[in-house]
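Below is one structure, written out as structure tokens; the observations come after it.
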There are 2 protein chains.
Amino acid sequence: MTPEQSIVASAVHAWKLNLERADKFFSGLSEQQLLTEVAPAKNRLIYLWGHLIAVHDGMMPLLGLGERLHAELDAAFLTGADKTVADLPSGAELKRLWDEVNERLLTGFGRFTAADWAQRHSVVSDQDFAANPLRNRLAILLSRTAHVAYHLGQAQLAHK
Amino acid sequence: MTPEQSIVASAVHAWKLNLERADKFFSGLSEQQLLTEVAPAKNRLIYLWGHLIAVHDGMMPLLGLGERLHAELDAAFLTGADKTVADLPSGAELKRLWDEVNERLLTGFGRFTAADWAQRHSVVSDQDFAANPLRNRLAILLSRTAHVAYHLGQAQLAHK
């Protein structure tokens, strides 16, 4: 394994580790537990889970892995705050969406070489990327890895 | 910039971004605010800040960047739970330690090449590293980046 390969594999591994922690946490919750707030008057667990799915779904076009699968999640979990949409998917449905989106991402990541990760992500222009080569696909992966950890830290506070 | 350089620089940049967010949050708190719990009966903000400093201090030997500077923090912030040690450093003192530890780490990171990041970290043996080359220094950086984000997510819940 070259340093380049080792480094890229480590970044994908860190993503997977954080996803596995989140999966273990959220997949084990009952419908009732999903309605728990992480702290008084803060987001409910169901919102955090749906939010993570919507954000991960949005990584596909950013990383050149195809169109989004579930833009219908945005109103309840991304553009709107928690409790502004009454009709939410069940825990079983969220688990299905979570697995679908994350498996598709992981399949895409498995095909990326180091050079692919170092390419610009789709929202930055060629010109801006030339000025700042750190606006690459790996930066998206690292940012979304921290994003999972950020909300998982909150979610754990609601744990018994 | 080669793909290898771009990828390593992106990982260090993600660390810096998360540290800057944490610095902005914790450095702005009064002594009184530092005593706020992130949720009822959960850790106080002062504990999370001290905990991050102790964990970052522990990265130095792990990454071959020298001995720890502040092992005296462990009793209050790492091995013990919050509220088990009465006499804690002030916010001003924590800010000084936070800056000292993180600046020293960043200086060390600035000297690491991709090959340095791909080397084993100090706790894994040569044999175990041969079996799993992802137990490298970069894995420590990525893990600790997620760790900052995890606790920052909790800390933000105490924000007004």
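The values are calculated or read from the model by the stated rules, or taken from the named source; none is laboratory data. Source: prediction; values computed, not measured. Don't worry about glycine lacking a Cβ; one is built from the backbone with ideal geometry, like all the others, and counts go over all protein chains shown. We work out accessible area using only protein heavy atoms, side chains counted, and drop any ligands, DNA or RNA first. Shrake-Rupley method; radii C 1.70, N 1.55, O 1.52, S 1.80 Å.
For the reader, a short list of remarks on this structure follows.
- Restricting attention to the stretch B:105-148 and to residues that are farther than 23 Å from B:Gln5 by Cβ and more than 14 Å from every other protein chain (Cβ to nearest Cβ), the residue that is most open to solvent (accessible area, probe 1.4 Å) turns out to be B:Gln127.
- Only residues that are aliphatic (A, V, I, L, M) and closer than 18 Å to A:Glu20 by Cβ were counted in the stretch A:79-106, giving 5.
- Residues that are more than 7 Å from chain B (Cβ to nearest Cβ) and without any contact (Cβ under 8 Å) to a residue 60 or more places away in the chain were ranked within the stretch A:2-19; the one that is surrounded by the fewest Cβ atoms within 10 Å (Cβ to Cβ) is A:Thr2.
- Residue within the stretch A:127-135 that is assigned to a loop (DSSP other than H, G, I, E, B) and basic (Lys, Arg) present: yes
- Of the numbered criteria (1) open to solvent by less than 10 Å² (accessible area, probe 1.4 Å); (2) in contact with a Lys or Arg (Cβ under 8 Å, 6 or more places away or on another chain); (3) more than 9 Å from every other protein chain (Cβ to nearest Cβ), the one A:Ala22 fails is (2).
- Looking across the stretch A:128-157, just one residue is among the charged types (D, E, K, R) and within 11 Å of the chain's Cα centre (by Cα), and that is A:Arg144.
- Selection within the stretch A:39-76 - under 23 Å from A:Val124 (Cα atoms) and within 14 Å of chain B (Cβ to nearest Cβ): A:Leu52, A:Val55, A:Leu63
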